Each structure stands twice: as C-alpha cells, then as structure tokens.
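Note sheet for the following structure.
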Amino acid sequence: MARILTGIQSSGRPHLGNLLGAILPAIALSKLPGNDALYFIADLHSLTTIKDADERRQNTRAVAAAWLACGFNADDNILFVQSQVPEVAELTWYLSCFAPYPMLANAHSFKDKKERLADVNAGLFIYPVLMAADILLYDVNLVPVGKDQVQHLEIAADIARSINHIYQQEVFVVPAPRVDEQVMIIPGTDGQKMSKSYGNTLDVFAPEAELKKKVMGIVSDSTPLEDPKNPDTDVTARLYNLVATPAQAADMRAKYLAGGFGYGHAKKELLGALLDTFGPARQEYARLLADPAELDRALTKGAEKARILARKRLAVVRSVLGF
C-alpha cells in the first residue's frame, strides 16, 4: 500500500488550472486500489501572506468544498485542515534544528524574494521545514508534486535521512516524489499560465454570469470571422480541448480550420462545455458552502483521523530526541 499526501494552500477558490492540474489527478490517484490518501488544506502556509482571519476561514471552506464536490471520498481517505493537527507545528521546530541555514537560503520560496528582504518573514524562510513536517509526520511514501516543488520535497528527504543517520534508526520514512512529466500547463484567459497572481483564472464555481464574462474576455486575435483559424494557438480552443469530449474537440477543430466560425462562437461553446463538465460539481459546491457546519464537521472528522497518525509518529520522534 502506498500512502500519498498532497496539500493545497487556502488562498481562495480553486480555479480551472488547480482542478485540472492538481485536484482531479489527485482524486483519481486516491481511487486506485491499494492507495491511502491524505489530502490537506495548507492554512498554516497561507499565513505567510494572508493575515485576515475571515478570509482564511472562507478560503479554507472553499478549498474543502472543491475537493468534496469534485468527488474526493473523505470516508475512505483523509481530508483535513493543516492547523487542526497542531503536532505539525511541534515537528516543524524539531526539524528546523536539523535544517542547515544554506539549505533554506537556497530554497526557491526564499530565493525568489530575497532581493526584497523587508517582505520576507521568518515563516516564509522556514516554509520548506513546515512542508517537510507535513510530509514526515504521516509516514508518507509518495508526494505528487509539480516540478517547481521538487526541491522542497528533496529538502524533506534530506532532513529525514540526516536524522535517521544521526540516530542510527528509521525515525522517518524517506518520501519519494511523484512528478508527472505530462502535467498540463493550463492557459489563462490572457494566454499565460493560469494563475491567481496573473488575474487570468477561470473560476468554474462562480455564478454563471460571472463565469460567462470571464470566458467572453479570453484573448483572441483579429482574424476575420470568415477566415480559417489556428486551433493550436488560440487560447479558447486550447481550453476547450481540456474540458470537452474528444469528439467535441475534433468538431471544434474542424470548425476553426473551415472558417466561418468566430471566436465569439467558440467562447460560447467553451462556456457550455465548462457548465456541462462541472455542472454536478458546481451544484454540490454551492450546497456545501451553504452549509458550513457540514463542511466543518467533515474537516474535523478528517483532522481526528490525521491526528492518530501524527501522534504516533511524534511520540517516536520525542523519544528519540530525549523529550
């Protein structure tokens, strides 16, 4: 059996890029026979940038609702909020005492911002240590990550190996990354990678009128309606291919190449495909957010299951370290 862990920050409602690039693949992985999935909402990580308490609570529920609405089985697996397992904070301190300064100073999460040190808080600097604690606390075997997160997983593995070597025993399971080389790069409405920081996302859980406005605002060129168009470079066509059926995608491609088919027509078909593909999830998402007590109960139940694993590993660590 492989124990798998992944986390998503509580930085707002997951957008189409989050769903296609992370959440849906992770849910599919959790459903494979023999896999044991622990998926968490990284609200402690979000504190490095988000200071508003109400915003964090709303974001946490929004992310949880997205996981559940998209089909994650929280009964067979574990869905929890990071801060509801306080053992992770204690383990972060222990691990930080074994994390060399140069290792953390070389981490991407710090290096990308070191030119503006006034904006760097201590939490951001030890971000990789908290991430290591997230992983090592649960005896995780596999951690699905994007290429930009591989370094942080390597830091977790290095810290685990160092502690195992110092104390001459397997204090921690050394995790392995699971990097999907075929991971999709989801284009945003402006053609860049879809990202909240670029303001180019499609929120499939938004009200239909709001989603339609975003879709109709997708960038396109000035090719006349009657002329053929290139579906391989057009943002609307590329997004359509990601959410439509193969037959629908083939039909759209034929329309682009034949001419007489405008970008406005294509955007209307993209909106329809989004509403069809995510229709059930949109309904369940709205239902869950309308009943925050149900969401909170599900997350509390998940945290209780996660804490059973966390306490067991932390008891070993305390004993080894002499506490």
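The values are calculated or read from the model by the stated rules, or taken from the named source; none is laboratory data. These numbers come from a predicted model, not from an experiment. Here the Cβ positions follow ideal geometry from the backbone for every residue, glycine too, while neighbour counts run over all protein chains shown.
Considering only residues that are surrounded by 20 or more Cβ atoms within 10 Å (Cβ to Cβ) and within 23 Å of the chain's Cα centre (by Cα), which ones fall in the range 216-241? Within the range 216-241, Val235, Leu239, Tyr240 qualify.
Leu117 meets each of the listed conditions (1) under 30 Å from Arg311 (Cα atoms); (2) at pLDDT below 80; (3) not acidic (Asp, Glu) apart from (1). Only one of the numbered conditions (1) surrounded by fewer than 19 Cβ atoms within 10 Å (Cβ to Cβ); (2) touching an Asp or Glu at 6+ places or on another chain (Cβ under 6 Å); (3) of a type outside the set (Asp, Glu) is violated by Ala69, and that is (1).
State yes or no: is Asp158 in contact with a Phe, Trp or Tyr (Cβ under 8 Å, 6 or more places away or on another chain), surrounded by 15 or more Cβ atoms within 10 Å (Cβ to Cβ) and either in the same structural domain as Asp43 (by TED's automatic domain parsing) or not acidic (Asp, Glu) (or both)? When the stated conditions are applied, Asp158 does not pass them.
Of everything in the range 128-143, what is outside any loop (DSSP other than H, G, I, E, B) and surrounded by fewer than 20 Cβ atoms within 10 Å (Cβ to Cβ)? Give them in sequence order.
The initial filter retains those residues of the range 128-143 that are outside any loop (DSSP other than H, G, I, E, B), namely 128-136, 142-143.
Matches in the range 128-143: Leu142 only.
Could you tell me whether Asn106 is under 20 Å from Arg297 (Cα atoms), of a type in the set (S, T, N, Q) and surrounded by fewer than 19 Cβ atoms within 10 Å (Cβ to Cβ)? Judged against the criteria, Asn106 is not a match. Here Gly191, Gly279, Gly260 are screened, and the one residue that is on the phi > 0 side of the Ramachandran plot and within 26 Å of the chain's Cα centre (by Cα) is Gly191.
Checking the stated criteria, Tyr263 turns out to be of a type in the set (Ser, Thr, Tyr), buried (at least 16 other Cβ atoms within 10 Å of the Cβ), in contact with a Ser or Thr (Cβ under 7 Å, 6 or more places away or on another chain) and modelled with pLDDT of 95 or more. Quick one: what pairs do we get from the range 157-171, first residue not in a helix (DSSP H, G or I), second not small (Gly, Ala, Ser), C-beta under 7 Å, 6+ apart or different chains? Here the result reads Tyr167/Val320; Glu170/Asn164; Val171/Ile163; Val171/Asn164; Val171/Val316; Val171/Val317; Val171/Val320, each pair linking the range 157-171 to a residue that is not small (Gly, Ala, Ser).
With a requirement of 2 or more residues that are assigned by TED's automatic domain parsing to the domain that holds Ala310 and in contact with a Phe, Trp or Tyr (Cβ under 6 Å, 6 or more places away or on another chain), the helices (runs of 4 or more DSSP H) lying completely within the range 1-112 that satisfy it span 53-69, 108-111. Looking only at the range 95-124, which residues are within 25 Å of Leu314 (Cβ to Cβ), out of contact with any helix residue (DSSP H, G or I) (no Cβ under 6 Å at 6 or more places or on another chain), touching a residue at least 60 places away in the same chain (Cβ under 8 Å) and not small (Gly, Ala, Ser)? Within the range 95-124, Leu124 is the sole residue that qualifies. Taking the listed residues Val204, Val215, the one that is in contact (Cβ under 8 Å) with a residue 40 or more places away in the chain and assigned to a loop (DSSP other than H, G, I, E, B) is Val204, with no other qualifying.
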